[in-house]
Structure formats: structure tokens, C-alpha cells
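Visitor: Here it is, the structure, as C-alpha cells.
The values are calculated or read from the model by the stated rules, or taken from the named source; none is laboratory data. From a predicted model like this one, the values you see are computed outputs, not experimental measurements. Neighbour counts are summed over all protein chains in view; Cβ atoms, including those assigned to glycine, are modelled from backbone coordinates with ideal geometry.
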Amino acid sequence: MCSSVSLRDFINDNKPLILDGGLATQLEAQGFDLGGDPLWSARLLHTNPEAIQDVHYSGSDVITTATYQASVEGFVQHLGVTCDRARELLMSGVHVAKHTLQKFISENKTGRIHGLVAGSTGPFGAFLHDGSEYTGNYAKEMSVEDLKSWHRPQVECLTAAGADIIAFETIPSIKEAEALVQLLREFPNSKAWLSFSCKDEKCISDGSLFSDAVQVALKCPQLVAIGVNCCSPDLVEPVLDSAKTLLTPDLSWVVYPNTGEEWDSQKGWLAQVKKAGSLSQFCESWMRQGAAFIGGCCRIGPIQITELRNVLKGPTQ
Ligand SMILES: [Zn+2]
């Protein structure tokens, strides 16, 4: 998709790349009921891929695939399809995103001439569908090899389908990060970012220090960014600050928080309990801290991404 530019050229542009917002948020705004679905938005790759295409963000530099909660095992289990069909479905997430990006480029709505497709893959906890991507508890019972085995088919599919970068998202534990770093080495031509869920101003969800999690990434030159997603925006600055001495010229931050509303496992998002400021309020500080990828996660929609873009890159015509 970005044949004339490398990922490094993108990052060296000195302006952060704008990521998209929550895909499921947009699908729910279109009337799709995804709550309680173990496959979440990934189910639509099977039932309604056009709907996914319609909600990809035209104003972002990076389009993320609808595969966060997708896995070969999950598709087999919840859709009753074969392994081969499950792999095809996972790959189709990349194909849909690439096709959409090409359409945006040809329409030239935002003056863009290129873009990237990030192949999203969530933690094992997302497959469990019990909120454990925000605790990482399952990792205590699993070995690094177990975690690598579980993630391998997803990474195989996303890379084979041509994702420009793999997005390891909402990772709650250092053990799973270690597994992903080891696994990434099996795909030496691939780049990735590694983004953690976090619990407070300096710890990822399993209670480990974010600075210790960053040390895991430093071992792997294929990781171009490390950071946090799906946390409250007001946590981002102190979290990044806690590991600022570890940043290298080859490693940047990736940041895409949610709106800061509270999540209740029974009631869903509690919109009235919004504690934090907006992305556009914080994003310049994040950029100064070294963030090369900035976007939004759950509950962040196209309006906030446009605001973010306007602040960081100036209004588009
Ligand atoms: Zn999220």
C-alpha cells in the first residue's frame, strides 16, 4: 500500500501518524449490536464485510483492521467454520482495510497520497471474552510458549495478507509481551507496535511497571513503537514519563486512549462518568514526549480523530 515510502520514512516525517478511533464504536453508531459477542466487530468479517469497509476512518494515516478479537480458534469455535476458512477471514480483515485505503487515496479527500494498514491483534484475554485483557490474570497459568502458540496463527495471517505493521493491542502483561516479541522474530520482515493496557500512572494492567514492559521491547528492533491504548487519556502522560529515559532513536511511543469513561462489565460504558479531558487537549504533550503514533480506542469516533488531526497537522481542506 505504501510502496513508495517505508514505515521509517513515515515516522521520520516529524509529525505523528494519526491512527483511527474505535471501529466497534463506529459500527455500534451504525446500529450494529456487538455487545456480548465473543468475536465483537470481527464477526462482521464473516457476515457483513461491507459494513467494516464503511466505518474505516478516512481521516487517519493508519487504518486498523477489524481483527482485534479475531483468532483462528475463535472463528472455528464461534462461527463453526474450518481452520482454512478462519484463516481466510482473518486475512480478509487486511484485504478490506487495504481496499478501503486505496479508495480513500483515489478519492483524495484529505490530500493523502499514502497510508498504512495496521493488522490488529488483541491479547489472549480478548479471546476469553471475560475482561481479562485488563488484568492479564490468565498469563499466570500459561507459559511464554503457550502464548506464542496461541498468537502464531493470527500473526501468520496478518503478515501473509500484507499488513504494513502489526498492532499488538491492549496487552496486559509482561509475559504476553515477551511471547509476542519472541514470536515477531519468526517473521523477520515484519514490523509491529506493542501497546499495553494499564491500570495507573506507571503500571500496566498486571501490575508490572510500564518501564519494565518497555525493556522487553528494547530487545526487538522490529518493534517501532511501544505504548498504551484503551486507558483514560489523563494516564498517558505520566505513564510515558515513567519510562522516558528508555526511548531510543529507533523506538517511539504509540498512544491511543479511550475517552476516559468508565466501563462496567454489566452495563457497558458509563458515559456519565467521564473523568478525563479530550485527546486534542493532550496530544501536543504526547507528541513532545515522543509519540509517533497517536489515535483513539473505544468510544473515540471520527469527530475526535478529525480534531486530533487538526491540532497536530493543521486543518485539511
Ligand atoms: Zn479500547
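Visitor: Write out, first by first residue and then by second, each pair whose Cβ atoms fall under 6 Å of each other, whose residues are 6+ apart or on separate chains, and whose first residue, in the stretch 266-288, is more than 18 Å from residue 21 (Cα to Cα) while the second is modelled with pLDDT of 90 or more and in a helix (DSSP H, G or I).
Guide: 285/237
Table: residues versus (1) away from the ligand (no atom under 16 Å from the Cβ); (2) within 19 Å of residue 74 (Cα to Cα).
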site: 123; (1), (2): no, yes
site: 141; (1), (2): yes, no
site: 150; (1), (2): yes, yes
site: 154; (1), (2): yes, yes
site: 173; (1), (2): yes, no
site: 181; (1), (2): yes, no
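Visitor: Sticking with this one: Out of all the residues in the stretch 7-18, is one or more under 19 Å from the mean Cα position of the chain (by Cα), at pLDDT 90 or above and closer than 19 Å to residue 98 by Cα?
Guide: Scanning the stretch 7-18 turns up at least one residue that is under 19 Å from the mean Cα position of the chain (by Cα), at pLDDT 90 or above and closer than 19 Å to residue 98 by Cα.
Visitor: Considering each of 86, 66, 70 in turn, give the residue that is farther than 18 Å from residue 32 by Cβ, in contact with a helix residue (DSSP H, G or I) (Cβ under 7 Å, 6 or more places away or on another chain) and modelled with pLDDT of 95 or more. Lay out the reasoning, then the answer.
Guide: Working: 66 fails: farther than 18 Å from residue 32 by Cβ; 70 fails: farther than 18 Å from residue 32 by Cβ.
Of the residues listed, the single one that is farther than 18 Å from residue 32 by Cβ, in contact with a helix residue (DSSP H, G or I) (Cβ under 7 Å, 6 or more places away or on another chain) and modelled with pLDDT of 95 or more is 86.
Visitor: A follow-up question, please. Among the numbered criteria (1) within 16 Å of the ligand (Cβ to nearest atom); (2) touching a Lys or Arg at 6+ places or on another chain (Cβ under 8 Å), which one does residue 195 miss?
Guide: Answer for residue 195: the failing condition is (2).
Visitor: Being assigned to a loop (DSSP other than H, G, I, E, B) and within 21 Å of residue 197 (Cα to Cα) is the filter here, so list the residues in the stretch 280-317 that pass it.
Guide: Answer for the stretch 280-317, where residues must be assigned to a loop (DSSP other than H, G, I, E, B) and within 21 Å of residue 197 (Cα to Cα): 290, 295, 296, 297, 298, 299, 300, 301.
Visitor: Continuing with the same structure: From the list 239, 214, which one is touching a helix residue (DSSP H, G or I) at 6+ places or on another chain (Cβ under 8 Å), within 27 Å of residue 130 (Cβ to Cβ) and either modelled with pLDDT of 90 or more or within 16 Å of the ligand (Cβ to nearest atom) (or both)?
Guide: 239
Visitor: Tell me, yes or no, whether the stretch 94-106 has at least one residue that is of a type in the set (Phe, Trp, Tyr) and either buried (at least 24 other Cβ atoms within 10 Å of the Cβ) or closer than 20 Å to residue 57 by Cα (or both).
Guide: For the stretch 94-106, residues of a type in the set (Phe, Trp, Tyr) and either buried (at least 24 other Cβ atoms within 10 Å of the Cβ) or closer than 20 Å to residue 57 by Cα (or both): present.
Visitor: So is residue 57 at pLDDT 95 or above, touching a strand residue (DSSP E or B) at 6+ places or on another chain (Cβ under 8 Å) and of a type in the set (Phe, Trp, Tyr) or not? Don't jump to the end; show me each part of the working.
Guide: On the way: at pLDDT 95 or above: no; touching a strand residue (DSSP E or B) at 6+ places or on another chain (Cβ under 8 Å): yes; of a type in the set (Phe, Trp, Tyr): yes.
Against the criterion (at pLDDT 95 or above, touching a strand residue (DSSP E or B) at 6+ places or on another chain (Cβ under 8 Å) and of a type in the set (Phe, Trp, Tyr)), residue 57 does not qualify.
Visitor: Another question, then. Just checking: which of the helices (runs of 4 or more DSSP H) contained wholly in the stretch 41-153 hold 2 or more residues that are touching a His at 6+ places or on another chain (Cβ under 9 Å) and among the β-branched types (Val, Ile, Thr)?
Guide: Ranges flagged: 83-107.
Visitor: Hey, another quick one. Which ones in the stretch 238-258 are within 15 Å of the chain's Cα centre (by Cα) and part of a loop (DSSP other than H, G, I, E, B)?
Guide: Passing the criteria: 257, 258.
Visitor: Additional query: When you scan the stretch 260-282, do you find a residue that is within 16 Å of the ligand (Cβ to nearest atom), surrounded by 24 or more Cβ atoms within 10 Å (Cβ to Cβ) and at pLDDT below 95, even just one?
Guide: Within the stretch 260-282, one or more residues are within 16 Å of the ligand (Cβ to nearest atom), surrounded by 24 or more Cβ atoms within 10 Å (Cβ to Cβ) and at pLDDT below 95.
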